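Below: one structure, written as structure tokens.
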Amino acid sequence: MIRLAYEIFGDGPTILLVHGGAEDAAMLAPQALALAAAAHAEIMKPIEEYTARRPGDWTGAYHRALDVLSGGTADLTDPAVIRSAVNAEAFVRDDARLITSHPFAAADLPPDRITVAVGAGTSPLHRLIADRLAEWADLPVTTVAGADDHEVYLSRPEVLATHLAERAARAGGPVS
């Protein structure tokens, strides 16, 4: 039986990088990361083109970002999208760049060390991200009761504190 070791970088079409006999996969990591960076640039290009043509139209750029990140399946009439548009400029200038610039692989998400959680009013983009992370970690997505706003950790930290205390109590851990 032949065993093949592999690593996954980024997302999208599969590209197989094969090293020579005297090398190991670590020698190809820079190329794999460069390919992941190229994917990031590919994602950001239509968003940057939109903002160049329509400076200051942050809601439109946010909608373009959702279209690109969802492969055209985003429902721009969804109430969560409409609510999230108030933060469109920050999303386009910061979040979209950060979210798409770090390649994740399943091995980066050990199920015993993470919880994938969303709030009741999660935007479709954040739900897609949570679903993908949960799939990679082979975990369910937990919905935090009372977390009805993307920045609940700032506006009402007691919601998350209560959720974590209840979770610890169910697991038999310390509640403090």
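The values are calculated or read from the model by the stated rules, or taken from the named source; none is laboratory data. Small disclaimer: the values here were computed from a predicted structure and weren't measured. In this analysis, Cβ positions are derived from the backbone assuming ideal geometry, glycine residues included, and neighbour counts consider all displayed protein chains.
Select from region 79-128 the residues that are closer than 30 Å to Arg167 by Cα, at pLDDT 75 or above and either charged (D, E, K, R) or surrounded by fewer than 15 Cβ atoms within 10 Å (Cβ to Cβ) (or both) and list them in ascending order. Hits for region 79-128 are Pro79, Arg83, Pro110, Pro111, Asp112, Arg113, Ile114, Ala120, Arg127.
Do we find a residue being closer than 30 Å to Gly121 by Cβ, buried (at least 16 other Cβ atoms within 10 Å of the Cβ) and at pLDDT below 65 anywhere in region 1-18? Looking for residues that are closer than 30 Å to Gly121 by Cβ, buried (at least 16 other Cβ atoms within 10 Å of the Cβ) and at pLDDT below 65, one finds at least one in region 1-18, hence yes. Residues of region 140-167 that are touching a Leu at 6+ places or on another chain (Cβ under 8 Å) and over 24 Å from Asp75 (Cα atoms): Tyr153 alone. Just so you know, in region 129-153 the residues that are of a type in the set (Asp, Glu) and surrounded by 13 or more Cβ atoms within 10 Å (Cβ to Cβ) include one that is farthest from the chain's Cα centre (by Cα), and it is Asp148.
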